[in-house]
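Undergrad: Here it is, the structure in full.
Derivation of every value follows stated rules applied to the coordinates shown; laboratory data play no part. On a predicted model such as this, the values are computed, not experimentally measured, just so you know. Every residue, glycine among them, receives a Cβ derived from its backbone with ideal geometry; neighbour counts consider all protein chains shown.
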Amino acid sequence: MNFAKLILPAAIALVSTAYSSAAFTIDLYVDEKTKQIFAEPGPERMPLGTYEKIDPVKEPVKEAENQFTLDKNGLQFESADKNFKFKLGGRIHLDYTHSSDDDFFDSKGTPVQANDGTELRRGRMEFSGTMFKDWKFKTQVDFADNKVGVKDMFVSYTGLSLAHITLGHQKQAFSRELLESSNDLMFMERSLMNVLNAPVVDRAIGLNVARQEKNWTAQIGLYGESIDANKHSLDESWGTSARATFAPINEETRIIHLGVAGNYREPSGNEGTFGGVTGTKFSYETAHMTDLFPINRTVHDIKDVKMLGLEASGVYGPFSAGGEYTHSWIGRKNGVDSLSFNGWYGEAAWTLTGESRKYKDGKFYKVEPRKNFSLSNGGWGAWELAVRVGGLDMNDGAFKGGEMKNFTAALNWYVNSNIRFMFNYDRILDIKDSPLVTASGGKPDGLNTFMFRSQVMF
């Protein structure tokens, strides 16, 4: 009796196991004409094979693992479905500056000199990524000057084929030199032309709509002011900028780039045009470290600012050349005469080791060495010679903001994709109506500035 009770459950268990095994296995057939799939044989049905159904409870399907990468582009993560991406990057620019023939007096008769020494010119951390494939974000924080400052902080929607939409703190749509990253510039500091651009069309909170194709780009934006808090109990200024570029030749080692940009900015409640209540300051600092300003003038009673920018550049193998021109018209209130300023630069470069500069979406990028520097493998990285001449004219009638020309030479050593050493020499060629004078009352046109940078970026 007890033996029978044991046999019966065992038999039931064996039958259940056999039935379960059979239930999870199936033969499939495909119709040769209709291509339909069937579970039973029939006329004109070809066998596909025997398939086993997986029980998700007992044998869960393994998902692809998330991707983790660490390379020259930084630390990168990617979800298995590629919907989410995250990148941690950054840059470190350590500078040394030395000036000669720099004994001057300012407009008040106070002795001034250019500061010599070292500094952390830029120390940035960058967080960027993608959410749900179409949403991109970027946050860039700078720790230079022993302070914390926000550079880029925006989100972009890229799901439209017509254009990309970016909202947040970003560079305005004006000037190739201003839009290009400091990691990619051939020179340690931007040109004299930037005296007009930086106070008006640098980073601001706004909305930008852009379209990029291989041979052309177009963008337009509406912007407020920078991310700094408004502590003046006054409305901010606003502006709109647009830029278009065209590259009739866009090959790996041959490039012709043309561009045009326009800007309009109007104060609203404050006297300045960009984050100030005491006018807009236009100044040129020989280097970030020097704290010496051969050009330094504030414009008051501004009604509006209109700007036009023209660009032209080319690459032919290891050689590149280009330049830009900016013209600024400043309308003024209370019957004060309007002002007209202009700035420009021309530059040329030769990569001694034969590499070409990179180009994409209307901007140029740093040289990528063919062979990284390595004593064991015999590589020397990439070496680049560059020269630049720039000019600025802020004299208009009775208004004497200053007029200046300077010369800059650079020797750049790209050790690899992440490390670069830069050697710069800058000299004032000619200057008029400067707030600085020599001990004898002459112009400060003999000033020489020597700069060195060690740069790490990823």
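Undergrad: Would you kindly state how much longer the chain becomes between Thr50 and Asp116 on full extension, computed as 0.36 nm times their sequence separation minus their alpha carbon distance, in nm to one decimal?
TA: Fully extending the segment from Thr50 to Asp116 adds 15.7 nm.
Undergrad: Roughly what would the spin-label model give for Ser376 and Lys214, points 7 Å off Cα along C-beta, in nm?
TA: 4.0 nm
Undergrad: Identify, among Asn377, Asn342, Val141, the residue whose Cα sits farthest towards the positive end of the charge dipole of the chain, taking +1 on the Cβ of Lys and Arg and -1 on the Cβ of Asp and Glu, with the dipole about the Cα centre.
TA: Toward the positive end, the furthest listed residue is Asn377.
Undergrad: Hey, rough spin-label estimate for Ile227 and Ala439, points 7 angstrom out along Cα→Cβ, what's it come to in nanometres?
TA: About 4.7 nm, to one decimal.
Undergrad: If you don't mind, another one. Scattering from the C-alpha atoms of the chain alone, worked out with Debye: what is log10 I(q)/I(0) at q = 0.08, 0.09, 0.11 1/Å?
TA: Taking Cα atoms of the chain as identical point scatterers yields -0.58, -0.69, -0.96.
Undergrad: Need the full-extension length gain, Leu234 to Ala80, defined as separation in residues times 0.36 nm minus the C-alpha distance. One decimal, nm.
TA: 50.5 nm
Undergrad: Could I ask something else about it? For Lys363, go through the lysines and keep the ones whose alpha-carbon is under 18 Å away, minus same-chain ones fewer than eight residues off.
TA: The reachable lysines, counting only those whose Cα sits under 18 Å from Lys363, are Lys171, Lys214.
Undergrad: Taking the stretch 168-223, which trypsin sites (Lys or Arg not before Pro) meet the DSSP loop condition and have no more than 13 other C-beta atoms within 10 Å? Intermediate values should be presented prior to the final figure.
TA: Numbers: sites: Lys171, Arg176, Arg190, Arg203, Arg211, Lys214; in loops: Lys171, Arg190, Arg203, Lys214.
Taking the stretch 168-223 and a limit of 13 other Cβ atoms within 10 Å, the loop trypsin sites (Lys or Arg not before Pro) found are Lys214.
Undergrad: Take the Cα of Phe423, step 7 Å along the line toward its Cβ, and report every residue of the stretch 328-366 whose backbone nitrogen sits under 20 Å from that point.
TA: Of the residues in the stretch 328-366, 348-355 have backbone N under 20 Å from the label point off Phe423.
Undergrad: Would you list which aspartates and glutamates come within 18 Å of Lys35, measuring only between C-alpha atoms, while excluding same-chain residues fewer than 8 positions from it?
TA: Those aspartates and glutamates meeting the cut-off are Asp27, Glu44.
Undergrad: Further question: Under 29 Å Cα to Cα from Lys432, which lysines show up? Leave out anything in the same chain fewer than 8 places away.
TA: Of all the lysines, those that pass the test against Lys432 - Cα under 29 Å, at least 8 places apart if same chain - are Lys108, Lys281, Lys303, Lys306, Lys333, Lys400, Lys405, Lys443.
Undergrad: Which of the chymotrypsin sites (Phe, Trp or Tyr not before Pro) found in the stretch 98-201 are loop residues per DSSP with 14 or fewer other Cβ atoms within 10 Å of their Cβ?
TA: Phe132
Undergrad: Hey, what did the chain get for relative contact order, percent, Cα under 8 Å, at least 6 apart?
TA: Result for the chain is 13 percent.
Undergrad: Continuing with the same structure: Please give the length that would be gained between Tyr157 and Asn334 if that part of the chain were fully extended, namely 0.36 nm times their separation in residues minus their C-alpha to C-alpha distance (nm, one decimal).
TA: 59.4 nm
Undergrad: Among Val389, Leu352, Ser320, whose Cα projects farthest towards the positive end of the dipole of the stretch 319-405, with charges put on the beta-carbon of Lys, Arg (+1) and Asp, Glu (-1)?
TA: Positive-end residue among those listed: Leu352.
Undergrad: Next question. Mind checking the dipole of the stretch 136-186: about its Cα centre, +1 per Lys or Arg Cβ, -1 per Asp or Glu Cβ, Debye to the nearest 20?
TA: In debye, rounded to 20, the stretch 136-186 gives about 200.
Undergrad: State to the nearest 20 debye the size of the charge dipole of the chain about its Cα centre, where the only charges are +1 on K and R beta carbons and -1 on D and E beta carbons.
TA: Magnitude of the dipole: close to 580 debye.
Undergrad: Pop a pseudo-label 7 angstrom from the Cα along the beta-carbon direction at both Ala321 and Val141 and give the gap in nm to one decimal.
TA: That separation, rounded to one decimal, is 4.6 nm.
Undergrad: Relative to the longest principal axis of the chain, what angle (0 to 90°, nearest 10) does the C-alpha long axis of helix 2-23 take?
TA: With rounding to tens, the tilt is 50 degrees.
Undergrad: Rank Leu185, Phe423, Ser79 by how far each Cα sits towards the positive end of the charge dipole of the chain (+1 on Lys, Arg Cβ; -1 on Asp, Glu Cβ) and give me just the farthest.
TA: Ser79
Undergrad: For Met131 and Ile26, FRET efficiency with R0 = 25 Å and r from the beta-carbon atoms, rounded to 0.05?
TA: Computed FRET efficiency for Ile26 and Met131 comes out at 0.05.
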